[in-house]
Amino acid sequence: MTATVEERKATNKALIDEVLKAYPEKMAKRRAKHLGTFEEGKPDCGVKSNIKSLPGVMTIRGCAYAGSKGVVWGPIKDMVHISHGPVGCGQYSWAARRNYYIGTTGIDTFVTMQFTSDFQEKDIVFGGDKKLDKIIDEIQELFPLNKGISIQSECPIGLIGDDIEAVSKKKSKELDGKTIVPVRCEGFRGVSQSLGHHLANDAIRDWVFDRTDPNKHPEFVSTPYDVAIIGDYNIGGDAWSSRILLEEMGLRVISQWSGDGTIAEIENTPKAKLNVLHCYRSMNYISRHMEEKYGIPWVEYNFFGPSMIEKSLREIAAHFDDTIKAKAEEVIAKYKPLMQAVIDKYKPRLEGKTVMLYIGGLRPRHVIGAYEDLGMVVVGTGYEFGHNDDYQRTTHYIKDATLIYDDVTGYEFEHFVDKVKPDLVGSGIKEKYVFQKMGVPFRQMHSWDYSGPYHGYDGFAIFARDMDMAISSPVWGLTKAPWKA
Amino acid sequence: MSQSADKIIDHEMLFREPEYKDLLSRKKAHEFNHSDDKIKSVVEWTKTEDYKQKNFARDSLAVNPAKACQPLGAVYVANGFAKTLSFVHGSQGCVSYYRSHFSRHFKEPTSCVSSSMTEDAAVFGGLNNMVDGLANAYSLYKPDMIAVSTTCMAEVIGDDVDAFIKTSKQKGSIPEEFDVPFAHTPAFVGSHITGYDNALLGVLKHFWDGKAKTTEPLVRVPNDSINFIGGFDGFVVGNMKEIRRIFDLFGVKVNIICDPSGSWNTPTDGEFRMYAGGTTKEEVVAALHAKATIVFQEYCCEKTTKFIAEHGQEVVTLNAPIGVAGTDKFLMEISRLTGKPIPAQLEKERGELVDAMADSQAHLHGKRFALYGDPDQLLGYAAYLMELGAEPAHVLATNGSEPWAAKVQALFDSSPYGKGCKVYPKRDLWHLRSLLFTEPVDFIIGNTYGKFLERDTKTPLVRMVFPIFDRHHYHRYPTWGYEGGLRVLVMLLDEFFEALDGNTMDIGKTDYSYDIIR
């Protein structure tokens, strides 16, 4: 880390040039636009984003079904989500995401279950609408406490011309206006998980908001302090360790989108006074809609690490009165000793350690503050499915000369880590074992490597413990056998 | 606050703290859930015979199936060949899912690429994706072979993979002579074992039958070697070691066709190896000339078996034999085919296994088991259970056929411990949940998804089926061979002892039975 900023920029450029050599020329030209080095003062990271992956390069991305069923709808706990199509998509995403919830699974909540129409050849040939109709009846009979059904389309649905909207409307009518939501999140749509988020948001707008009687929950009484947490999927309990801070601030959280979320919370969200948005990428769409249609302002916030939390608490409080502003200061003060103790314990061991990140649509920038609170340095980051507005926002988090890689390929990421030799890599399950075998400590930053929560003050202590544990494990000293040169 | 820097608590304990208990109870007011009484009454109803009848009357909805789709099996096959890159033609989401599914089980990287077809490819076809995809994959990952399979999308729009590969070669994506075996693997037909079969057939067809009509088919010149095909196996790392050891002890020249045990077991020594081990092209070619092929899992290789037989070999099909008689049969087939005697070492191991079974039989005798998984595997486990005097009361395979079910019934009929046992083809784990309430058993043999059944019915789960995500390194140990039988025995016993100890440690109430010697 004694290299100057200019030296690092040059090293990065050389690294990128090296990596591009491996591609056929036409492809190298296209990939070149997704790789770069951040120049301080620029409005974005200088890379293209949100476009098709090149075929055959080992992109890390998923598809629209993952963005809709996996990310947005799946965590809504009191609805049944049908993976509509062949068995695979639902199977591989069955309980794989740690969007925690409270409930009696199979009875009043259904998150960790796999509901599928298990499409067979005859369904492809003759269509699946009749089957879907029957499926809804079977769900009603066997899972009577479900509060709604969503239909998450897999690739074949859009290709064979099924009319899931007609089935949804028909069954909803038959079932006295039950919430039945068709979602056109077929995997071939868009270029990544991202369009799936958008389609999922639109489906909430069209099939929940626009069809819900505003007086559906007359018992609900508004207060001036009602807020909704938007875009927190409660990974390992993240939304709970965030919610507690908002409540301590004197706010009333009326809804969580969508970790540990319920359909009633979603239906009541238009009554919120403020939407606080954590994952901008996946839920900016519905936030903008609620602002437009219901006049609800929204504010992006960041609960990773004490510096960001402090800033966010004040920013959120600024939307409310002096009582809330004073309470926010109390909350900040209350947790200062815990934060100082965590930093005193872990910063000396982590100071100066370098990190390379590659995550989805928010965390490639959002977690940087938490690392910096521990004295760590993020030297490279990139998004699977970020858009240009994410890369713009990233400029406020990263330092000059940070290596940037959009929709990184397996080949590129391996090469970058091999040359940059960071002390820690933060990415996903498909990357973890590659880098550990190279002797590089690794923490999964989608699933929190089965740990968490990482949001909020309570979460920061766990984050610090885990980053330290990963880097300081004795195993990294054992990778070279003593008899090897 | 409950969090402290000295004693950091995470999701396991944090949310049991009073401030979070309060938070969760405040949240409830916004959920507008059903009443506790209503919830309780439905909970109880799901345990009844009435619910079971309605549950079994389902003909459209699948809930918690115990199967995956074809391309998963195709990726497994590709990883079983030396320096071979798996290439799935179609939507890219699928590939990420296959990779994460295998990686969560093996705790290893799983390489695979997609041709990343998107909406325009749905309209115009995926030719360009194949052309560019093969070129990119070849340049970046430098494989010796690329094995192509397909996702739903490519299948529904009818992409002609054979033609696309040929066009790609014409356009210079890859050299003309570069091996690209392929298979059509539609996810709406069969399951992951069907994909294994189709993909393996694709590889054999490619090498034996003239590489998609681009060269002369090979001519078989029979010799004394034999082939071994393991099938889709979540314990392949431990099992292939055992299989190779067995053939070594016999002194037999064996071509093991499709061996991903190297690819899913590379060391952490500072170097990432994208390719490791696997069946070589020479071995695939040599396999044509073998005297016979042993197919260890019949239902993973139905088409492949027919193909090999048509090429003049004797094919011995087994059903993942586990335990004493099953392994005896396997070894006696090797002996019969090769003329070599059963090695003394293996006979010793047989005796050691029988010895272990005799030592422990009292604890498993009469115990009722529910088991689910792949068809062949279930035949193997059911037979072994009956050797232990245990009862495979419920045997369930979501991807099991009627002929398979008949085979299971015949197995039941062959032993007094099969009396009253039932087989359930094409049922799922929500069906099994009903059975565990209406006809309870002592233990479940299944995969990680069975933990939901354990939670709901308090029936202990033994993880001996793919995938296993929430226990580590089981796949490194065999379940096949006498050694594997011993490992399976210990797993069954450990679960029994854990359950018994757990049930007898209530101080002053039940711990009179908390024996130190069992």
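Return the long-range amide H neighbours of B:E314 (sequence gap of 5 or more, or a different chain), with a cut-off of under 5 Å between placed amide H atoms.
Under 5 Å from the amide H of B:E314 lie the amide H atoms of B:T293, each far enough along the sequence or on another chain.
Using only Cα atoms and rounding to the nearest 10 degrees, what angle (0 to 90) does helix A:129-142 make with the longest principal axis of chain A?
With both axes taken from Cα atoms, the answer is about 90 degrees.
Work out, step by step, the length gained on full extension between B:D36 and B:T215: first 0.36 nm times the residue separation, then minus their alpha carbon distance; give nm to one decimal.
Between B:D36 and B:T215, full extension yields 57.4 nm more.
Of all DSSP beta bridges located in the protein assembly as shown, what percent are antiparallel, nearest 5?
Once the DSSP bridges in the protein assembly as shown are tallied, antiparallel ones form about 10 percent.
Treat the count of other C-beta atoms within 10 Å as a stand-in for reagent exposure and order B:D132, B:D413 from fewest to most.
B:D413, B:D132
If you take every DSSP beta bridge fully contained in segment A:327-436, what fraction is antiparallel? Give it as a percent rounded to 5.
In segment A:327-436, approximately 0 percent of DSSP beta bridges are antiparallel ones.
Could you tell me which of the pairs B:K213/B:K306; A:K134/B:K451; B:K303/B:K451; A:K21/A:K48 are separated by over 23 angstrom between their Cα atoms in the structure shown?
With Cα atoms farther than 23 Å apart: A:K134/B:K451; B:K303/B:K451.
Would you mind computing, in nm to one decimal, how far apart the modelled labels at B:V354 and B:Q170 are, each placed 7 Å from Cα along Cα→Cβ?
Going from the B:V354 label point to the B:Q170 one covers 6.5 nm.
Rank these for me by crowding, A:Y371, B:Y196, going from fewest to most other beta carbons within 10 Å.
Ascending number of Cβ neighbours within 10 Å: A:Y371, B:Y196.
Label segment A:267-340 by shape, choosing from rounded, prolate and oblate, from the square roots a ≥ b ≥ c of the eigenvalues of the Cα gyration tensor; if a/c is under 1.5 it is rounded, and otherwise prolate applies when a/b is larger than b/c, oblate when it is not.
Oblate shape, in that a/c is at least 1.5 and b/c is the bigger or equal ratio.
How would you order A:394-406, B:9-21, A:187-199 from highest to lowest mean count of nearby Cβ atoms within 10 Å?
Averaged packing, sorted descending, gives the order A:187-199, A:394-406, B:9-21.
Amide H neighbours of B:T279 under 5 Å, at least 5 residues apart or on other chains, H built in the peptide plane: list them.
The list, which skips near neighbours in sequence, is B:F81, B:A82, B:C258, B:D259.
Relative to the longest principal axis of the C-alpha atoms of chain B, give the angle of the C-alpha long axis of helix B:236-250, reported between 0 and 90° and rounded to the nearest 10°.
Relative to chain B, helix B:236-250 is tipped by roughly 60 degrees.
Per residue of segment B:13-23, what does 6.51 cos²θ - 1.76 cosθ + 1.60 with θ = phi - 60° give for ³J(HN,Hα)? Whole Hz please, x for Gly and Pro, Karplus curve as stated.
10, 4, 7, 8, 5, x, 5, 7, 4, 5, 4
With a bin width of 20 angstrom, please list the P(r) values of chain A as percents of all Cα-Cα pairs, from the 0 bin to the one holding the largest distance.
The percentages, shortest bin first, are 23, 54, 22, 1.
In segment B:213-253, which trypsin sites (Lys or Arg not before Pro) are in a loop and have at most 14 other Cβ atoms within 10 Å, using DSSP for the loop call?
Those satisfying the criteria are B:R220, B:K253.
Before rounding to the nearest 500, sum -39500 (n - 2.57) across all DSSP H runs of length at least 4 in chain A and divide by the residue total; then give [θ] at 222 nm in deg cm²/dmol.
-13000 deg cm²/dmol
For A:A166 and A:S307 in one chain, what is 0.36 nm times their gap in residues minus the Cα-Cα distance, to one decimal in nm?
45.8 nm
Provide B:H431, B:H34 in ascending order of the number of other Cβ atoms located within 10 Å of each residue's Cβ, fewest first.
Ordered from fewest to most neighbouring Cβ atoms within 10 Å, B:H431, B:H34 come out as B:H34, B:H431.
Using modelled amide H (1.01 Å from N, peptide plane; none on Pro or chain starts), what sits under 5 Å from the amide H of B:S114, excluding residues fewer than 5 places away?
Answer set, sorted by chain and number: A:G56, A:V57, A:M58, A:T59, B:V88.
Looking at chain B, what % of its DSSP beta bridges pair antiparallel, to the nearest 5?
5
Summing -39500 (n - 2.57) over the DSSP H runs of n ≥ 4 in chain B and dividing by its residue number, what mean residue ellipticity at 222 nm do you reach, to the nearest 500 deg cm²/dmol?
Computed ellipticity for chain B at 222 nm equals -14500 deg cm²/dmol.
Spelling out what I want: for every residue of segment B:369-386, take phi, set θ = phi - 60°, compute 6.51 cos²θ - 1.76 cosθ + 1.60 (Karplus), and round to whole Hz; glycine and proline get x.
10, 10, 10, 9, x, 7, x, 5, 4, 5, 4, x, 5, 4, 5, 5, 4, 5
Among all the aspartates and glutamates, which ones have a C-alpha under 18 Å from A:K122's C-alpha, if same-chain residues fewer than 8 places away are not counted?
A:D133, A:E154, A:D162, A:D163, B:D59, B:E155
Just want to confirm a number: the relative contact order over segment A:245-305, from Cα pairs under 8 angstrom separated by 6+ residues, in percent.
In percent, rounded to a whole number, it is 27.
Rounded to whole Hz and in sequence order, give me ³J(HN,Hα) for segment A:169-177 from the Karplus expression 6.51 cos²θ - 1.76 cosθ + 1.60, θ = phi - 60°, writing x for Gly and Pro.
5, 4, 5, 4, 5, 4, 9, 6, x
What do you get for the angle between helix A:456-472 and the principal long axis of chain A? Use alpha-carbon atoms, 0 to 90 degrees, nearest ten.
50
Does segment A:69-221 classify as rounded, prolate or oblate by the C-alpha gyration tensor (a ≥ b ≥ c root eigenvalues; a/c under 1.5 gives rounded; else a/b over b/c gives prolate, otherwise oblate)?
rounded
Compute the FRET efficiency between B:D224 and B:D160 as 1/(1 + (r/R0)^6), taking r as their Cβ-Cβ distance and R0 = 41 Å, and round to the nearest 0.05.
That gives a FRET efficiency of 0.55.
Taken together, the values in this text are just the output of simple stated rules run on the coordinates, not laboratory data. Source: prediction; values computed, not measured. Glycine gets a Cβ as well: all are built from the backbone with ideal geometry, and neighbour counts include every protein chain shown.
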